[in-house]
Amino acid sequence: MEKELFLEKTVEEIKRELSNPDQRIIALCRITEKLPKNINELFEALRVVTDTVYPTLEKEVGIEDYCRICLALQETNNEKVLQIINSGVSVKLEKREKEFVKGLAESILGLITLNKDIEKEAYHLAEKSYPNFCFVAGTNIACKMLVISGSMSRLSQMPSSTIQLLGAEKALFKSIRTGSKKTPRYGLLFNHSLLINKDKKEKGRLSRFLAGKIAIAIKADISGIDMRDELKKNIEKKINGTLN
Amino acid sequence: MYNKNLVRENGKFYTLDLNSKERRLWDPYRSKLCAGLANGLQSLPIKEGDSVLYLGCAEGYTCSFVSDLVGVQGIVYGVDISPYSMQKFVLLSKERANLVPVLWDANKLDKYELLEGVKVDVIVQDVAQKNQVEILTKNARQFLEKNKHFILSLKTSSIAQKSAKEIIEEETRKLEKDFEILERKRLEPFEKKHILIVGSPR
Ligand SMILES: C[S@@+](CC[C@H](N)C(=O)[O-])C[C@H]1O[C@@H](n2cnc3c(N)ncnc32)[C@H](O)[C@@H]1O
């Protein structure tokens, strides 16, 4: 029957399109961008109770250590904590409050682990599907570029000058609106490992260079070619060149 | 226009289910076509036995009612660009013999080989795209003969910095080049920023 032909073709195409990992990578990355905010809010809730027990502790340690200290409650040998507890101003919690604090601290630590797992999953998908791109841009930046552009196919159609400025959209629009000559020179690539500790001029040059290589890497990934060795040599050459 | 699979009672609309022939309530808050009927649309050009090309079928909510309207002798080609929606539409098409799934871009239907030579009685379009009139014109040229009909759900907010009224007038003028417009219906309060247009190729 005629319908069977349509059905077959549609099912085949659905499978092909759903095997494209872009939407999954993007969705996972969006969650990892949002979760820290929720974690911070829960941390605020925790501190409503624990602030009086450990005044100023949040300035000494990060969220994770803070939560771990809360889990151990009094049984700790961390010197700073002991100092605070023994200062005479620290409030003692009732049994019920202790349970509450433990539960909340546990949940926060759980969410932090979960967020890392989600990020790992996104990075794994990205590296497996787009090895060249992740190699040149760094998986973190590659994922962020995917989020901004919406898909690998859109990225593959961008000229390298656009890739260079991905993540700088706000600054770019501002410079256009105000007619300023100070157009941005790098967006996400500002945080690329090769740009760290470089002076301004170098940063501009390197980000242009990297954007070009990223454009090549993206096209290679779409064609399913592994160019990592060649790209690595190119990049090393450039770095050594700029050092001289 | 009359369709014997459409029932109106106490201001509510029902269709007779394709398979069971039982009444199914049609929700105007979920379906723009039903919103048009609820607001008094006179010309519903979908008859029993019709073939329909439905552009932007999504998961198939409205399409399932169109499937009831055309009945077992009719056929509804549901076109959508999203594989996630189409996954659900395929499941629906397994329950409804007259639904045919097409995962494709409505801008490029002329490249869909299986649809080559197909003519339909009605095009329903609800794609929420900037070039909505262009999409309709293109597809009408290929799939719709004279005296046949289209039902277009026109989004009136996709183009920035113009009032809904200006957009409607402008898009209507574009439509009138190729089509005769039979009726226009606003969809408030069921659906904001949309208008339903029924017409025919010139
Ligand atoms: C508002 S929804 C349609 C809802 C549906 N008509 C109903 O009432 O149940 C718009 C749909 O159009 C689809 N769409 C957007 N652009 C399209 C295109 N160029 N070709 C085909 N479908 C498109 C979207 O994927 C989305 O599912």
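Quick check, is B:Val124 more than 14 Å from chain A (Cβ to nearest Cβ), within 14 Å of the ligand (Cβ to nearest atom) and in a strand (DSSP E or B)?
In short, yes.
Which condition number in (1) near the ligand (Cβ under 9 Å from one of its atoms); (2) more than 10 Å from chain A (Cβ to nearest Cβ); (3) at pLDDT 95 or above; (4) assigned to a helix (DSSP H, G or I) is the one that B:Leu109 fails?
So the condition that B:Leu109 fails would be (3).
Give the residue, chosen from A:Ile196, A:Ile214, that is among the β-branched types (Val, Ile, Thr) and open to solvent by 90 Å² or more (accessible area, probe 1.4 Å). Can you show your working first?
Values: A:Ile214 fails: open to solvent by 90 Å² or more (accessible area, probe 1.4 Å).
After applying the criteria, what remains is A:Ile196.
Sort through B:Val102, B:Val79, B:Val90 and tell me the only one that's within 8 Å of chain A (Cβ to nearest Cβ), assigned to a strand (DSSP E or B) and either touching a helix residue (DSSP H, G or I) at 6+ places or on another chain (Cβ under 9 Å) or surrounded by 18 or more Cβ atoms within 10 Å (Cβ to Cβ) (or both).
Only one candidate passes the filter, namely B:Val102.
Among the residues of the range A:149-161, which ones are closer than 13 Å to A:Phe209 by Cα and surrounded by 15 or more Cβ atoms within 10 Å (Cβ to Cβ)?
Matches in the range A:149-161: A:Ser160 only.
For (1) within 14 Å of another protein chain (Cβ to nearest Cβ); (2) under 30 Å from A:Glu127 (Cα atoms), each residue gets a yes or a no:
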{"residue": "A:Glu12", "(1), (2)": "yes, yes"}
{"residue": "A:Arg30", "(1), (2)": "no, yes"}
{"residue": "A:Lys34", "(1), (2)": "no, yes"}
{"residue": "A:Glu41", "(1), (2)": "no, no"}
{"residue": "A:Glu44", "(1), (2)": "no, no"}
{"residue": "A:Tyr54", "(1), (2)": "no, no"}
{"residue": "A:Asp65", "(1), (2)": "no, no"}
{"residue": "A:Lys80", "(1), (2)": "no, no"}
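When you go through B:Leu115, B:Leu69, B:Leu109 one by one, which is the residue that is open to solvent by less than 10 Å² (accessible area, probe 1.4 Å), more than 30 Å from B:Lys192 (Cβ to Cβ) and of a type in the set (A, V, I, L, M, F, W, C)?
Unique residue meeting the criteria: B:Leu115.
What is the one condition in (1) farther than 20 Å from B:Ser153 by Cα; (2) at pLDDT 95 or above; (3) in a loop (DSSP other than H, G, I, E, B) that B:Ala58 does not satisfy?
(1)
Of everything in the range B:27-60 that's within 12 Å of the ligand (Cβ to nearest atom) and surrounded by fewer than 18 Cβ atoms within 10 Å (Cβ to Cβ), which residue is nearest to B:Val127 (Cα to Cα)?
Filtering first and then ranking leaves B:Arg30.
Criterion first (free of Cβ contacts under 8 Å to residues at least 40 places away in the same chain and within 13 Å of the chain's Cα centre (by Cα)) does A:Lys92 satisfy it?
No, not satisfied.
If I ask for residues that are in contact with a Ser or Thr (Cβ under 6 Å, 6 or more places away or on another chain) and within 26 Å of B:Leu115 (Cα to Cα), which ones from the range B:143-195 would you list?
Matches in the range B:143-195: B:His149, B:Asp178, B:Glu180.
Given the conditions (1) without any contact (Cβ under 8 Å) to a residue 12 or more places away in the chain; (2) within 25 Å of B:Tyr29 (Cα to Cα), report the number of the one that B:Glu176 does not fulfil.
Answer for B:Glu176: the failing condition is (2).
The values are calculated or read from the model by the stated rules, or taken from the named source; none is laboratory data. Nothing here was measured: the structure is a model prediction, and the numbers come from that model. Methodologically, a virtual Cβ is constructed for each residue, glycine included, from the backbone with ideal geometry; neighbour enumeration extends over all protein chains shown. Remember, those area values only see protein heavy atoms, side chains included, never the ligands or the DNA or RNA. Shrake-Rupley method; radii C 1.70, N 1.55, O 1.52, S 1.80 Å.
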